[in-house]
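Structure, as structure tokens:
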Protein chains: 2
Amino acid sequence: MGVEERRQQLIGVALELFSQRSPDEVSIDEIASAAGISRPLVYHYFPGKLSLYEAALKRASEDLASRFVEPRRGPLGARLLRVMRRFFDFVDEHGPGFSALMRGGPAVGSTTTNALIDAVRQAAYDQILAHLEVEHPPARLELVVRSWISLVESTALIWLDGRRIPRAELEVQLVHDFAVLTAVSAAYDEEMGVLLRRMLKDEPPDGPFADLVARLADFTS
Amino acid sequence: MGVEERRQQLIGVALELFSQRSPDEVSIDEIASAAGISRPLVYHYFPGKLSLYEAALKRASEDLASRFVEPRRGPLGARLLRVMRRFFDFVDEHGPGFSALMRGGPAVGSTTTNALIDAVRQAAYDQILAHLEVEHPPARLELVVRSWISLVESTALIWLDGRRIPRAELEVQLVHDFAVLTAVSAAYDEEMGVLLRRMLKDEPPDGPFADLVARLADFTS
């Protein structure tokens, strides 16, 4: 195997192990053994576990960011739901590694690690703005989108801790959450109101958002 | 000064400096100078900057947790709004230190630091359950409360980054967010529906929640 080929193989092996158990618990010996090479040879390609971890995280974060890409057609709610499904697929595949990373254990939290996490959040943010066809987001829209992204992260983390709620339910719920968080902001701000009306214009009149609002209205009667 | 008195004084001085600038940028020399003692004397009380940082963070986290305590009377929305105001007071007072901590720079992210952050989150969670008078929260309620807490954190962080939205608006918005996130969960789950009705029973029929839902309904018409 060539150097780059061997590096890519090791990254793949490491990512699989880091996805199955907390990275803290995975040793270089295990990675070497799973790759079928000697421990010193691993160190020949990666100076230490942190650099291998960061390389694996880089691959995972590029994989995740690629799942945010969605054709720009059809109702926005349906697009977001498809992205949520692919996001939960990713979380499902990388459960323990995702938890360890996002909960910030002692082995993570390096500058590189934080930059990779921020890049994925930024990719999610950029995709949403592109779908909303907003180039210069007002501060309130930026707040809603970025804080919703953190709501998605925490929802996934809580889901992983025991998986007590079916993930399909949470995927739909997060789409609804996006709509209502935008609507709360829009309820008292005209600029956000205009944006929300544009977001909803292709939603079916008897679709999920209308259904949701009707159900909410029931609680105030 | 006695040993404990001197330690408390140093913690207070350090906390003030860590609140004004990112802790990474605060040196032991500065802390010594602000406390009017020599650098070696600081090390006599604290073995290093990390231990002083952790002591300061401990004091700040106890301060923050104490602000979550609210008498259990009156409409729930008004109680939560008062807590949000005190939370934003805290964020305002400790802006740069709060940002650095929650964004997880290289100097933070120790096991002790993470445990302190988790303890504050748990205190917030416990207070909310106590006010809802729920002893054994169903999984969906736990998810809503914990994920809303992370929404509050990220909203505060985004607010600190430029303060482009008046904090009073965000305090109200977060109370509304709590209501609608619970309502989204309640819209499709009977157990959460019962909880939501109980939460809303003391809200005025022409109060903020009813007003909000009426405004949301406008967007679907």
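The values are calculated or read from the model by the stated rules, or taken from the named source; none is laboratory data. Owing to the predicted nature of the structure, the values given are computational and were not obtained by experimental measurement. Virtual Cβ from ideal backbone geometry, glycine too; neighbours counted across all protein chains shown.
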#### Entry: Breaking point among (1) at the interface with chain B (Cβ under 9 Å from one of its Cβ atoms); (2) within 19 Å of A:R67 (Cα to Cα); (3) modelled with pLDDT under 95; (4) touching a Lys or Arg at 6+ places or on another chain (Cβ under 8 Å), for A:F219
(2)
### Message
Just to verify a result, which residue in the stretch B:38-94, among those that are among the acidic types (D, E) and modelled with pLDDT of 95 or more, is farthest from B:S110 (Cα to Cα)?
### Response
B:E70
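Output yes when any residue across the stretch B:163-171 is acidic (D, E), within 7 Å of chain A (Cβ to nearest Cβ) and closer than 22 Å to A:S185 by Cβ, and no when none is.
No: zero hits.
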### Task
State all residues of the stretch B:152-176 that are assigned to a helix (DSSP H, G or I) and farther than 22 Å from B:L216 by Cα; if no residue qualifies, say none.
B:E153, B:S154, B:A156, B:L157, B:I158, B:W159, B:L160, B:R167
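Per-residue answers, yes or no, for (1) surrounded by fewer than 16 Cβ atoms within 10 Å (Cβ to Cβ); (2) more than 7 Å from chain B (Cβ to nearest Cβ); (3) out of contact with any Pro (no Cβ under 8 Å at 6 or more places or on another chain); (4) not in a helix (DSSP H, G or I):
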{"site": "A:F178", "(1), (2), (3), (4)": "no, yes, yes, no"}
{"site": "A:S185", "(1), (2), (3), (4)": "no, no, yes, no"}
{"site": "A:M199", "(1), (2), (3), (4)": "no, yes, yes, no"}
{"site": "A:D206", "(1), (2), (3), (4)": "yes, yes, yes, yes"}
{"site": "A:A210", "(1), (2), (3), (4)": "no, no, no, no"}
{"site": "A:V213", "(1), (2), (3), (4)": "no, no, yes, no"}
### Task
Kindly establish whether A:P40 is part of a helix (DSSP H, G or I) and either more than 21 Å from the chain's Cα centre (by Cα) or buried (at least 17 other Cβ atoms within 10 Å of the Cβ) (or both).
yes
### Summary
Taking the stretch B:187-197 and keeping only residues that are farther than 15 Å from A:T220 by Cβ and either assigned to a helix (DSSP H, G or I) or touching a residue at least 24 places away in the same chain (Cβ under 8 Å) (or both), one is left with B:D189, B:E190, B:E191, B:M192, B:V194, B:L195
### Task
Could you please let me know if A:I149 is assigned to a helix (DSSP H, G or I), aliphatic (A, V, I, L, M), at the interface with chain B (Cβ under 10 Å from one of its Cβ atoms) and in contact with a Leu (Cβ under 7 Å, 6 or more places away or on another chain)?
no
### Message
I need every pair where a residue in the stretch A:164-184 that is in the same structural domain as A:A139 (by TED's automatic domain parsing) has its Cβ under 8 Å from the Cβ of a residue that is crowded, with 22+ Cβ neighbours inside 10 Å and hydroxyl-bearing (S, T, Y), sequence separation at least 6 or different chains.
### Response
A:L170/A:T155; A:Q173/A:T155; A:Q173/B:S185; A:L174/A:T155; A:L181/A:S147
### Task
Report, by residue number, each residue of the stretch B:115-144 that is surrounded by fewer than 21 Cβ atoms within 10 Å (Cβ to Cβ) and within 12 Å of chain A (Cβ to nearest Cβ).
B:A115, B:I117, B:D118, B:R121, B:Y125, B:P137, B:P138, B:A139, B:E142
### Query
Would you call B:A100 touching a Lys or Arg at 6+ places or on another chain (Cβ under 6 Å), among the small types (G, A, S) and within 14 Å of another protein chain (Cβ to nearest Cβ)?
no
